[in-house]
């Protein structure tokens, strides 16, 4: 799995904590910014750069962090086929993958403590679509994914 990570100034400390986790666990990743908080990229630059690379298939998953996670999520979701979810708990990060098949975890550096953010990233990266769900729900979600794909065709 290849992961992209990025943040604005508000998300920088949390991003650095998640990067340490990725390095310690030998997970391949690229930091698409901000790399220097004194020369920070805005969320409106980071989210599109990451989302476009997830959309192209260059990265399988991504983690992007701003103050609340909302700004990154809003912008990343502008890309067809890209699903970004702002999460504030480990459970939400797991369900974003298992139920929504999200490729991008968005977090808020003002909201999520580094230890929690690392657990959320770990869970997000280690959960597959439909993992640990009941059989009836798996079938229902597979059908829902087809409907979402049809909607996307008419929207983009």
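At a glance:
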item: Verdict on residue 12 being surrounded by fewer than 18 Cβ atoms within 10 Å (Cβ to Cβ) and either touching a residue at least 24 places away in the same chain (Cβ under 8 Å) or farther than 12 Å from residue 63 by Cβ (or both); result: no
item: Residue in the stretch 145-153 that is surrounded by fewer than 18 Cβ atoms within 10 Å (Cβ to Cβ) and in a loop (DSSP other than H, G, I, E, B) present; result: no
item: Spans of strands (runs of 3 or more DSSP E) in the stretch 26-136 with at least 3 residues under 15 Å from residue 9 (Cα atoms); result: 61-66, 104-108
item: Residues satisfying the stated conditions in the stretch 7-25, i.e. closer than 24 Å to residue 44 by Cα and part of a loop (DSSP other than H, G, I, E, B); result: 8, 9, 10, 11
item: Failed item, numbered, when residue 43 is tested on (1) in contact with a strand residue (DSSP E or B) (Cβ under 7 Å, 6 or more places away or on another chain); (2) modelled with pLDDT under 95; result: (2)
item: Restricting the stretch 53-75 to residues that are touching a residue at least 24 places away in the same chain (Cβ under 8 Å) and loosely packed, with under 15 Cβ neighbours inside 10 Å, the residue that is nearest to residue 88 (Cα to Cα); result: 70
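The values are calculated or read from the model by the stated rules, or taken from the named source; none is laboratory data. Remember, it's a predicted structure, so these values are computed and weren't measured experimentally. Counting neighbours? That spans all protein chains shown, and the Cβs are built from the backbone with ideal geometry, glycine included.
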